[in-house]
Amino acid sequence: MFKVHALQAAFGDSLILEFGTTAQKRFVLLDGGPEGVYEAVLRDRLEQIAAAGGRLERVILSHVDGDHIVGLLSLFSELRANQAPIAVDALWHNSFAKTIDDGPNNISGRIQTMLSNVAGANSVMGATTDEVNTIPEGNKLRQDALVLGIPFNDGVTGDLVSLDTSPGPLTWGNLTVTIVGPTETNLDNLKADWLAWLETHEGLLATGDPFLAAMADQSKPNLSSIMLHVKDDTGKTALFTGDGRGDHLLQGLGQANLLGANGTLHVNLFKLPHHGSDRNVTKTFFKKVTADEYIASANGKDGNPDYSTLSWLITVAKDQNRRITIHVTNATKSTDDIQEDFDPQTFGYTLKVRPSTESALTLKLS
């Protein structure tokens, strides 16, 4: 058995992987969504799992960002207060310090100093500010796990979850799990990107120019995400990508020997990176990594899922003579527009929206 539950996580991510057997179900929680999601949706789901005798054998934070971590902070706070609805056996979580800021360059401190020069930084440089604000949140999650005695980043070498620190494919019940990101190479490249961004903008933003600040915010490098390729005992496959970049995913898939001779991979289910943002993928990427079904967890914030991303999926699949299904947790302007501009019958795709009466999309792979 292998099911994926994509919870109504507003503009964030929160997914529950259900696997094992009907008699002995197993569960992994991947991200916890932004503020309010734990109270509105996730806690009830965890209560239902626990009531049936289940527990979370692993909680995974794909990366330190507010729309992924806040629900997990709520869960771990309740664990510390002995009020949590479910037991947690292990935590996977890479901190900003371990992935981006582990050298002598003081990237986070330099960003904070830069933001202090910008009047109204919270609104003018919202994305950068959010990222800086979540650094201590990531540290708190790690500290909570340590206090609780919950194993932290178990199964890998050292305390960083990456393809390079993994001993190889991992076995979780009937699932074979391969870490495909981050890799040591793309972490080094991301550090270089952050340093180059700082060197470009530090002096400029010292002037406090709000226009330059807004432009800097838009060009800010991404964070790294824990990305996983999962295969069950029937051969069904899925990709979970957090907010990862398409080029990083291809690097990891290649390094893990999951790409075919022509540099492509097909899976049954693909969770679109960064809520379907077109900043993380390209049309060429979707020609190389294909799927039968796609999930976009988004509610229209920041335009996600982007119209461009949806159009690339649809046109590539049509060109390759593949029928696909796109699942979205919420109807948005882009999902409405795409169906108007790309007739599903003509282009051979199906777009399914989470029913308003349901707290999650549930996709059964096997």
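The values are calculated or read from the model by the stated rules, or taken from the named source; none is laboratory data. Owing to the predicted nature of the structure, the values given are computational and were not obtained by experimental measurement. So basically every Cβ, Gly included, is an ideal-geometry build from the backbone, and we count neighbours across all protein chains shown. Surface areas here come from the heavy atoms of the whole protein model, side chains and all, with no ligands, DNA or RNA. Shrake-Rupley method; radii C 1.70, N 1.55, O 1.52, S 1.80 Å.
Quick look at the values:
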| read-out | value |
| --- | --- |
| Whichever residue in the stretch 209-245 is over 20 Å from GLU131 (Cβ atoms) and out of contact with any strand residue (DSSP E or B) (no Cβ under 7 Å at 6 or more places or on another chain) and, among such residues, is least open to solvent (accessible area, probe 1.4 Å) | GLY235 |
| Complete set of residues in the stretch 4-19 that are within 16 Å of ARG58 (Cα to Cα), open to solvent by 10 Å² or more (accessible area, probe 1.4 Å) and either touching a residue at least 24 places away in the same chain (Cβ under 8 Å) or of a type in the set (A, V, I, L, M) (or both) | HIS5 |
| Number of the exception - ILE326 against (1) open to solvent by less than 50 Å² (accessible area, probe 1.4 Å); (2) over 24 Å from LEU42 (Cβ atoms); (3) part of a strand (DSSP E or B) | (2) |
| Long-range neighbours under 7 Å by Cβ, at least six apart or interchain, first residue open to solvent by 20 Å² or more (accessible area, probe 1.4 Å) within the stretch 170-199, second of a type in the set (D, E, K, R) | GLY173/ARG26; ASN174/ASP232; ASN174/ASP233; THR176/LYS231; GLU184/ASP164 |
| Odd one out for ALA119 among (1) open to solvent by less than 20 Å² (accessible area, probe 1.4 Å); (2) out of contact with any Leu (no Cβ under 8 Å at 6 or more places or on another chain); (3) among the aliphatic types (A, V, I, L, M) | (1) |
| Any chance ALA97 is within 30 Å of GLY155 (Cβ to Cβ), within 25 Å of the chain's Cα centre (by Cα) and surrounded by fewer than 21 Cβ atoms within 10 Å (Cβ to Cβ) | yes |
| Residue in the stretch 293-305 that is surrounded by 18 or more Cβ atoms within 10 Å (Cβ to Cβ), modelled with pLDDT of 95 or more and over 20 Å from ALA10 (Cβ atoms) present | yes |
| Some residue of the stretch 340-363 being in contact with a strand residue (DSSP E or B) (Cβ under 7 Å, 6 or more places away or on another chain) and of a type in the set (Lys, Arg) | yes |
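One line per residue, one yes/no per condition, for (1) in a loop (DSSP other than H, G, I, E, B); (2) more than 30 Å from LEU365 (Cα to Cα); (3) at pLDDT 80 or above; (4) within 22 Å of the chain's Cα centre (by Cα):
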residue	(1), (2), (3), (4)
LEU160	yes, no, yes, yes
ASP164	yes, no, yes, yes
GLY168	yes, no, yes, yes
ILE179	no, no, yes, yes
TRP197	no, yes, yes, no
HIS201	no, yes, yes, no
THR207	yes, yes, no, no
LEU223	yes, no, no, yes
